[in-house]
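Below is one structure; the comments refer to it alone.
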Amino acid sequence: MNPAWSYLLTAVGVLGLYLAGRQQRLGWAVGLGAQGLWLAYALATRQYGFLVSAICYGAVYAKNFRRWRPAPPLQRNESP
């Protein structure tokens, strides 16, 4: 297996978390897409334990993607 897989999986996963941390819904979609890469990796390397983790992580990413709402804007407390 080409070692580039490790870098690709890491880069995509970190990008998804970075975007989600910046309150961008796209982050959850990127993380969900990364699970497709993990599925491919698990099958290509015959490391089937990664299938379970990809399914579990995928479920969490999908749930967060569906439920994500932007944070309400902060309101200033104006004194009279």
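Just so you know, all these numbers are worked out from the coordinates, no wet-lab data involved. Not measured: the values here are computed from a predicted model. Quick reminder, even Gly has a Cβ in these numbers, built from the backbone with ideal geometry, and neighbours come from all protein chains shown.
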Test item: Cα-centred dipole of the chain, Lys/Arg +1 and Asp/Glu -1 on Cβ, debye: 220 debye
Burial order of peptide ranges 64-77, 22-35, 40-53 (average beta-carbon count within 10 Å, highest first): 22-35, 40-53, 64-77
Rough spin-label spacing in nm, given labels placed 7 Å along Cα→Cβ, for R67 and L9: 2.7 nm
Centroid-to-centroid separation of the range 1-27 and the range 50-80 [C-alpha atoms, Å]: 16 Å
Top positive-direction residue, dipole computed over the chain with Cβ charges, set Q47, Y18, S6: Y18
The chain - mean residue ellipticity at 222 nm from DSSP helices (-39,500 (n - 2.57) per run, n ≥ 4, rounded to 500): -24500 deg cm²/dmol
Space enclosed by the convex hull of the alpha-carbon atoms of the range 6-80, per residue, Å³: 81 Å³
Cα-based Rg / Dmax (Å) for the range 25-68: 10.8, 34
Potential extension, L17-A59 segment - 0.36 nm per residue separation minus Cα distance: 13.6 nm
